[in-house]
Amino acid sequence: MMNIQQRVALHRQIWQIANDVRGAVDGWDFKQYVLGTLFYRFISENFANYIEGGDTSINYAKLSDNVITPEIKEDAVKTKGYFIYPSQLFANVVANANTNESLNIALADIFAAIESSANGYPSEQDIKGLFADFDTTSSRLGNTVKDRNFRLAAVLNGVAALDLGDFADNHIDLFGDAYEFLISKYAANAGKSGGEFFTPQHVSKLIARLALHKQDSVNKIYDPACGSGSLLLQAKKQFDAHIIEDGFFGQEINHTTYNLARMNMFLHNINYDKFNIKLGDTLTNPHFGDGKPFDAIVSNPPYSVKWIGSDDPTLINDARFAPAGVLAPKSKADFAFVLHALSYLSSKGRAAIVCFPGIFYRGGAEQKIRQYLIDNNYVETVISLAPNLFFGTSIAVNILVLSKHKTDTKTQFIDASGLFRKETNTNTLLDEHIEQILQVFDSKADVEHFAMSVPFERITGNDYNLSVSSYVEAEDTREVVDIAQLNAELQVIVSKIDQLRKDIDAIVAEIEGQ
């Protein structure tokens, strides 16, 4: 396993290559070429490793396409979800990249062939369109074919130069780590846009552990606004030693981000039959509603985005929103995502959702939704986090934990706003901070200035306000001042000033008398 220093060095190399090969192209616009090329290398090596099956006498990249029989191809597609001929492998394409005058066309044909290899098979929808954002004819690569091929060759050679280990040596995790590192770097440099498709790993870890708390096995894990899949994958990391029966499910509205999420699943060695990522608007065109409810839901939905809301009269009868008797405001869809998640949650599961803090104290429809949640005992915990933990916003957000199996009617509030390490541009949750939050989440103990479990009656009497600061008193860190001592010190200072004035007057009088 790679040590920390090697990992940091590899990350530095990856980011240097990503910046070098893009030239004058904006990094945000160029991200799909670097990420897509890394994915292309991964599936090529993964597929070759599968075909070779550990037999060192076989080198799939050296074989002729003609030796591949229909039976071999069909068996591979059924298992891996796609097929790649030897000539289409990353290693063979990169070997001739600098001299191939038709490189951009060749790559486009290879990507189309990989996608179409799944046509008619169960994996078709998981593979279809994976390379849609890798446009080899785009003017962003250059104004001429020669310029485009030059930049494409640079990307291929750069990714080929990365030391990501050998699949046979179980270094497959390095691909996923490299991919996730690149996504996080692009997110950090993209401002607000970055926060829409990637949740920082330290926050993802807390969210995943809250949702999976004390569950030895779950049927499936779901993120209704999955972005690039970072939260789902963090759930996988936290739950690797346990049973996840049916895999990982998510929905994403942005097409490019949807493709990144599917690539991310493959790069973390999650086979096509263990994930299901759908494209579309979760609030108005939801998927997965016909299946079993989810035992674990993790989500960092967009903050206070507009949605159709009451302009669509059918939504008030939607099974997700009807029980609350009111829709989330059209200008603030936050509680629409919360109610959607609650509707998809199983009786044994938990949902951990990042929320804009305003929804916990504002009036109107949002207050009525809070009332529905509290009256039905669905809110287990509200956690306030430190500011500046997320890309693109400095807001101190909250985590809302929903549960349908609470054993009492109290609601827990945790003030974790003081738990962070200051970084250059952002704050970070450390492992000890996460453990501190999880310990009190588990015990439900009252801890002065940190956590409080509040009776139902107190919340109803407070207009269903769920703001953490309403229940957890902040510690007064102001210095205690001893007034008597301060007055004594002032008297000494005043007497010294008086004496100084007398001394000055005496000196002046002496000078004037001369």
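The values are calculated or read from the model by the stated rules, or taken from the named source; none is laboratory data. Note that the coordinates shown come from a computational prediction; the quantities given were computed from them, not determined experimentally. Neighbour counts are summed over all protein chains in view; Cβ atoms, including those assigned to glycine, are modelled from backbone coordinates with ideal geometry. Heavy atoms of the whole protein, side chains included, go into the accessibility calculation; ligands, DNA and RNA do not. Shrake-Rupley method; radii C 1.70, N 1.55, O 1.52, S 1.80 Å.
A simple spin-label model places pseudo-atoms 7 Å from Cα toward Cβ; at Asp163 and Asn487 they are separated by 7.3 nm. Taking 7 Å steps out from each Cα toward its Cβ at Lys292 and Ala112 produces label points 4.2 nm apart.
Three principal axis extents describe the C-alpha atoms of segment 328-419; from largest down they are 34, 32, 22 Å.
Within the chain, antiparallel bridges make up roughly 50 percent of the DSSP beta bridges whose residues both belong there. Here Met452 sits with roughly 60 square angstrom of accessible surface, probe radius 1.4 Å.
Give the calculated FRET efficiency between Asp498 and Glu432 to the nearest 0.05, with a Förster radius of 45 Å applied to their Cβ-Cβ distance. Taking R0 as 45 Å, the efficiency between Asp498 and Glu432 is 0.25. My understanding is that a pair violates if its Cα-Cα distance is over 26 Å; which of Lys236/Lys348; Lys185/Lys422; Lys330/Lys422; Lys128/Lys220; Lys330/Lys368 do that in this structure? Lys330/Lys422, as the Cα separations exceed 26 Å there.
Rolling a 1.4 Å sphere over the protein heavy atoms, what is the accessible area per residue of the chain, to the nearest Å²?
47 Å²
Using C-alpha pairs under 8 Å with a sequence gap of at least 6, the mean separation divided by the residue count of the chain gives a relative contact order of 11 percent. Extension gain for Ser138-Glu475 works out to 115.7 nm (0.36 nm per residue, less the C-alpha to C-alpha distance).
Descending by average beta-carbon neighbour count within 10 Å, the peptides 179-185, 217-223 line up as 217-223, 179-185, the highest first. Here segment 331-480 carries DSSP beta bridges of which approximately 85% are antiparallel, counting only pairs with both residues inside.
Using mean Cβ contacts within 10 Å as the protection proxy, how do 82-88, 415-421, 311-317, 47-53 order, highest first?
Packing proxy ranking, top to bottom: 82-88, 415-421, 47-53, 311-317.
Translational diffusion coefficient, Stokes-Einstein: compute it for the chain using the Kirkwood radius over C-alpha pairs as Rh, at 20 °C and 1.002 mPa s, and state it as an integer in µm² s⁻¹. Answer, rounded: 83 µm²/s.
With θ taken as phi - 60° and the Karplus curve 6.51 cos²θ - 1.76 cosθ + 1.60 applied, the whole-hertz 3J(HN,Hα) list for segment 117-122 is 5, 8, 4, x, 10, x Hz, x standing for glycine and proline. For segment 398-439, how big is Rg over Rh, using alpha carbon atoms and the Kirkwood form of Rh? Reported Rg/Rh (Cα atoms, Kirkwood Rh): 1.08. What separates the Cα centres of segment 316-376 and segment 85-133 is a distance of 43 Å. Under a model in which nothing but the beta-carbon of Lys, Arg (+1) and Asp, Glu (-1) is charged, segment 310-452 shows a dipole of about 340 debye around its Cα centre. Near Glu432, within a Cβ-to-Cβ distance under 14 Å, what is the net charge of the other residues, with Lys and Arg +1 and Asp and Glu -1? Taking every other residue near Glu432 into account, the sum is +1. Backbone N atoms of segment 316-356 closer than 20 Å to the 7 Å Cα→Cβ label point of Ser310 belong to residues 316-340. Length, then width, then depth: along the principal axes, the Cα atoms of segment 393-514 run 95, 39, 24 Å.
With a Förster radius of 35 Å applied to the beta-carbon distance between Asn425 and Val508, the computed FRET efficiency rounds to 0.05.
Put simply, when 152-160, 454-462, 291-299 are sorted by average Cβ atoms within 10 angstrom per residue, most first, you get 291-299, 152-160, 454-462. Inter-label distance, Asp240 to Gln5: 2.4 nm, where each label sits 7 Å from its Cα along the C-beta direction.
For Glu380, the residues 5 or more places off, or on other chains, whose built amide H falls under 5 Å of its own are Val401, Leu402, Ser403.
Divide by every residue of the chain the summed helix terms, -39500 (n - 2.57) for each DSSP H run of at least 4, and state the resulting mean residue ellipticity at 222 nm, rounded to the nearest 500 deg cm²/dmol.
-13500 deg cm²/dmol
For Phe249, the amide hydrogen comes within under 5 Å of the amide hydrogens of Ile221, Tyr222, Asp223, Asn276, counting only partners 5 or more places away or on other chains and with H modelled in the peptide plane. Among the protein heavy atoms of the chain, carbon and sulfur supply 49% of the accessible surface, probe 1.4 Å, non-protein parts ignored.
A Förster distance of 45 Å, applied to the separation of the beta-carbon atoms of Ala319 and Thr69, puts the FRET efficiency at 0.35.
Sorted largest first, the spans of the alpha carbon positions of segment 74-145 along the three principal axes are 39, 23, 12 Å.
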